[in-house]
Amino acid sequence: MGNQVARFLARRSLQALPLLFVISVLVFLLIHAAPGGPLAIYLANPNVRPEDIERLRRALGLDRPLWVQYWSWLTAFARGDWGYSFSDGRPVIARIAERLPATLELAAVSLAGALLVTLPAGVAAGVRRGRWVDRATSALATAGISLPAFWFGLVLQIVFATGLGWLPSSGRSTPGADDFGDHVSHLVLPALVLIVVQAAAWSRYLRGSVIDTLAEPFVAAARARGIPRRQVLVRHVLRNAIGPVLAVVMVDAALLVSGAVVTESVFAWPGIGSLFTEALARRDYTVLMALLMLTSTAIVVLNLVADLAHALVDPRVALT
Amino acid sequence: MRAPLVVLALLIAAAVAAPVIAPYEPDRIDLARLRQAPSAAHWFGTDELGRDVLARVLHGARVSLAVGLLSALVAGVSGIAIGGAAGYRGGAVDNVLMRATDAMLAVPRLPLLMIASSFLQPSVMLLVVLIGLAGWMETARVVRAEFRTLGSRGFVESARALGAGHARLIVRHLLPSAAQAAIVSVTLAVARGILLESALSFFGVGVRPPQASWGNMLYQSQATLATEPWLALAPGIFILITTASVNVAGDRLAGRRR
């Protein structure tokens, strides 16, 4: 098994490299193909003279052929040199690193919370299919996936922050009063948005997967052997039903650890997601490139983890 | 099947009839009635320029629904073409197209669209194309899978044996059989398109003011959330009703095991 896993990891990593290469070309072209390219923001500024733009263009190497620019970006990026932020001149890596703790904190709490909701809700709906538990959770889940996350965030702010005054509406802590309680109170609303959105999507998948698994002969066999119902559900049904759901969970996890753009921005949560909207507003394209590559890499890596985990919980799945 | 379709039909009818049924012009500025709470004269209140929120929600529906439906059309047509080509030809074509699909699926959709619309400053039509081009992958995968399994079925084999050409095989035999799966994924693309348009407009890079869309109304409501919360409620509720109806219709089409 160990040997098999090593070979699987080696092969999939080799497949991932061309994938990330294609993605990087795509994103690079998108930013450079736009009118004005990376310096577009200065073209609209009356205080910046055309000769200044020309000087900037040369200083930043933007006058070279596109493929030369791409190649120098790619080789530097692969070596870990992610360049300097266009807006404040600091290394891109430093700007991302300082935002990482906030993002990881929000991601960890939301993922844990969403799993805690998804597991009982998805299993109950699948097992009691067509009954009121199923109809209630399915209706809530449909509402959850239809909900625009940013609007849900605004409504929570209206109700709990400005209306009731129970919780702060934005930020990660109150300056001067940032004890543990203050910290938690800032985390509640953004985490709630992410938990609702994820749990809604995941529980729909888990429900379907539980229904498929219940129809499998091995479940009937386990029941026939007199194994208690609860044990059949946890050891036999849930274990096999969770595999297909992992793929969805892992992609969402990748999006969260690389910065939940919408939720972080609405709640001014000082993480990587907010860094993305700030960088976008200033057309800070070195930061934007780095963040998109980071997210894509996270998606590719966690997809691989999902396939591996699927094969580990379900012996029928081959590592291909 | 009926309830969500009735709701959708009503929404589309309201959007089409917006110029007739809206109580005011959507751009009519009324400096005597700025930021008014909902009342008999202004059901959903007025905004920071005294414009009627109901009128703007109705006119915004035209943009939001059009972007949702048309972007799903773009996504569906490209997805069927790409998935169909991959599934029908197989081999190297399949390999290249599916790797491209994997690559597109590994790029975060909303951030990519935010960058594209921030740098390109798209018109509504270009926005439709951008959202559509960011959403063909799911349809392509579904159609490819259908074509692959159908290709070895008896009725396709016999049509081929009777001398049917590529075009006839695809149009008469493969596409109709793959239609249901494709329609379900396109339905989901409609809901996603509406959510993406509203998110882009909410971040100020989608439909640009003064043209109303549900997303940019929410964007403008953010500044005065504490004092005029009604500005944030109406557009959001309309987005939710629309996407929920589309999703329920999609579930029923897919024949979810109820």
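Considering (1) within 11 Å of chain A (Cβ to nearest Cβ); (2) outside any helix (DSSP H, G or I); (3) under 17 Å from the mean Cα position of the chain (by Cα), the lone condition that B:Val207 does not fulfil carries the number (1). Within region A:145-200, no residue satisfies the criterion of being more than 25 Å from the chain's Cα centre (by Cα), within 14 Å of chain B (Cβ to nearest Cβ), among the polar types (S, T, N, Q) and not in a helix (DSSP H, G or I).
Per the listing B:Ser198, B:Ser177, B:Ser158, the residue uniquely hydroxyl-bearing (Ser, Thr, Tyr), closer than 15 Å to B:Arg109 by Cβ and either surrounded by 23 or more Cβ atoms within 10 Å (Cβ to Cβ) or without any contact (Cβ under 8 Å) to a residue 40 or more places away in the chain (or both) is B:Ser198. Of the listed requirements (1) modelled with pLDDT of 90 or more; (2) closer than 17 Å to B:Ala182 by Cβ; (3) crowded, with 23+ Cβ neighbours inside 10 Å; (4) not hydroxyl-bearing (Ser, Thr, Tyr), B:Leu127 misses just one: (2).
Each residue in region B:29-41 was checked for being modelled with pLDDT under 75 and farther than 16 Å from B:Thr224 by Cβ, and 5 of them qualify.
Checking each residue in region B:99-129 for being at the interface with another protein chain (Cβ under 7 Å from one of its Cβ atoms) and either in contact (Cβ under 8 Å) with a residue 60 or more places away in the chain or of a type in the set (Asp, Glu) (or both) picks out B:Asp102, B:Leu110, B:Met114, B:Ser118. Listed by position, the helices (runs of 4 or more DSSP H) contained in region A:225-320 that have at least 2 residues being crowded, with 23+ Cβ neighbours inside 10 Å, among the aliphatic types (A, V, I, L, M) and in contact with a Lys or Arg (Cβ under 7 Å, 6 or more places away or on another chain) are A:272-281. The numbered conditions (1) within 26 Å of A:Ser185 (Cα to Cα); (2) at the interface with chain B (Cβ under 10 Å from one of its Cβ atoms); (3) touching a residue at least 40 places away in the same chain (Cβ under 8 Å) are all true for A:Gly126 except (1). Go through the residues of region B:56-66 one by one and say whether even a single one is at pLDDT 75 or above and either touching a Lys or Arg at 6+ places or on another chain (Cβ under 9 Å) or acidic (Asp, Glu) (or both). No. Looking only at residues of region B:16-28 that are in a helix (DSSP H, G or I) and surrounded by 12 or more Cβ atoms within 10 Å (Cβ to Cβ), we find that the one that is modelled with the lowest pLDDT is B:Ala18.
If only residues of region A:85-106 that are crowded, with 18+ Cβ neighbours inside 10 Å and touching a strand residue (DSSP E or B) at 6+ places or on another chain (Cβ under 8 Å) are counted, the one that is nearest to A:Leu291 (Cα to Cα) is A:Val92.
Okay, residues lined up against (1) under 30 Å from B:Arg148 (Cβ atoms); (2) free of Cβ contacts under 8 Å to residues at least 60 places away in the same chain; (3) more than 19 Å from the chain's Cα centre (by Cα); (4) not in a loop (DSSP other than H, G, I, E, B):
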{"position": "B:Ala3", "(1), (2), (3), (4)": "no, no, yes, yes"}
{"position": "B:Ala14", "(1), (2), (3), (4)": "no, yes, no, yes"}
{"position": "B:Ala41", "(1), (2), (3), (4)": "no, yes, yes, no"}
{"position": "B:Ala75", "(1), (2), (3), (4)": "yes, no, no, yes"}
{"position": "B:Ile80", "(1), (2), (3), (4)": "yes, no, no, yes"}
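Taking region A:246-278 as the range and being modelled with pLDDT under 90 and away from every other protein chain (no Cβ under 14 Å) as the test, only A:Leu246 passes.
Once region B:223-234 is narrowed to residues that are more than 8 Å from chain A (Cβ to nearest Cβ) and part of a helix (DSSP H, G or I), the residue that is surrounded by the most Cβ atoms within 10 Å (Cβ to Cβ) is B:Leu231. Within region A:21-78, the set of residues being basic (Lys, Arg) and surrounded by 15 or more Cβ atoms within 10 Å (Cβ to Cβ) comprises A:Arg57 only. Checked against the criteria, B:Ser213 counts as among the hydroxyl-bearing types (Ser, Thr, Tyr), away from every other protein chain (no Cβ under 12 Å) and within 14 Å of the chain's Cα centre (by Cα).
So, A:Leu292, is that one within 23 Å of A:Asp88 (Cβ to Cβ) and within 11 Å of another protein chain (Cβ to nearest Cβ) or not? It is true that A:Leu292 is within 23 Å of A:Asp88 (Cβ to Cβ) and within 11 Å of another protein chain (Cβ to nearest Cβ).
The values are calculated or read from the model by the stated rules, or taken from the named source; none is laboratory data. Quick caveat: nothing in here was measured; it's all calculated off a predicted structure. Cβ atoms come from the backbone with ideal geometry, glycine included; neighbour counts cover every protein chain shown.
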